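Here the structure comes first, spelled out in structure tokens, and everything after it is commentary.
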Amino acid sequence: MANPGKKIIDRAKDALGTDEDAQGSASLADGAEGGGGKREAHNKWERYQLPEDMTGKTFLDVGCWEGVNCAEAVRRGATQVVGVDLCTSETLRNNVEEHGFEFVQMDILSEKWLELDTFDIVLCGGVLYHVENVISLLFRLRRVCSETLFLETAVRHIDIDAPALLFHPSDERTRNPSNWWVPNPAAVHDMLRACGFKDVEPTWEKRKGGTGGRLCVKATTTRQESYDRILPRKAESMPLLGGERWSKKDAKNPAQHL
């Protein structure tokens, strides 16, 4: 397989280790104290129930932090391993050099994302609630995932069955202004199905105090059978073939306009 995003990987190499303030933790709540009092990321491979054997598989970690899961994918026999994140650290540089995986520094909603190849196994942990447009993120994950996605996120257990995203205002009520949304579990499942995934099932869950918690789900890719959900139109009033807009009152056969 061709080297994914070769140009952007090369441009990102010099950026490794330049951010002296990067803390590098896959999850601060689950981190351990490292040298100098910094939090160090744990390997989440077994917790999220990623494949035991990665022989012959390709792996992408979206929001890789120090790259501990990338290193684990290499140890388990993956043929190609790439980590993506905005943050860098000296620990990340060391892991890249020791284990030989590739790192790309980028915003996943930027055009650079489109240069990436597809990967058999994609892990995206602790990212969903940091993006303004959750659906765009999930469509982008679908684009680079050819087999299985593992998606981990914070969730809220609220007293409604319908899928819902809770908005986090950027004010004194939140400790992190980069947090935008927190879904309930139903939203995680339904949004993945709407964005080209199927067989969504939980692999790990942790309940916290009150309504908070974290959830990891596994989902396989499926073909997008219809683009109706992403077409900005009402079929009855905006025909794909162009022409005058019309209403049901004026059409004896609405299907002919679709």
Over segment 48-65, the set of residues touching a Cys at 6+ places or on another chain (Cβ under 9 Å) and within 23 Å of A154 (Cβ to Cβ) is Y48, Q49, L60, D61, V62, G63, C64, W65
The correct count of residues that are farther than 17 Å from V217 by Cα and either of a type in the set (G, A, S) or at pLDDT 95 or above (or both) in segment 36-65 is 10
The strands (runs of 3 or more DSSP E) lying entirely within segment 105-218 that contain at least 3 residues which are surrounded by 14 or more Cβ atoms within 10 Å (Cβ to Cβ) are 119-125, 145-156, 181-183, 197-207
Among residues of segment 52-72 being under 17 Å from G126 (Cβ atoms) and among the small types (G, A, S), the residue surrounded by the most Cβ atoms within 10 Å (Cβ to Cβ) is G67
- Query: Somewhere in segment 221-241, is a residue surrounded by 14 or more Cβ atoms within 10 Å (Cβ to Cβ), at pLDDT 70 or above and in the same structural domain as L149 (by TED's automatic domain parsing)?
  - Reply: yes
Taking first residues from segment 50-67 that are of a type in the set (K, R) and second residues anywhere that are part of a strand (DSSP E or B), the pairs with Cβ under 7 Å that are 6 or more apart or on different chains are K57/D120; K57/I121
Within segment 158-183, of all residues that are among the aliphatic types (A, V, I, L, M) and more than 18 Å from L128 (Cβ to Cβ), the one modelled with the lowest pLDDT is I160
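The values are calculated or read from the model by the stated rules, or taken from the named source; none is laboratory data. Predicted model, so just to flag it, every value in this text is computed and none were measured. So basically every Cβ, Gly included, is an ideal-geometry build from the backbone, and we count neighbours across all protein chains shown.
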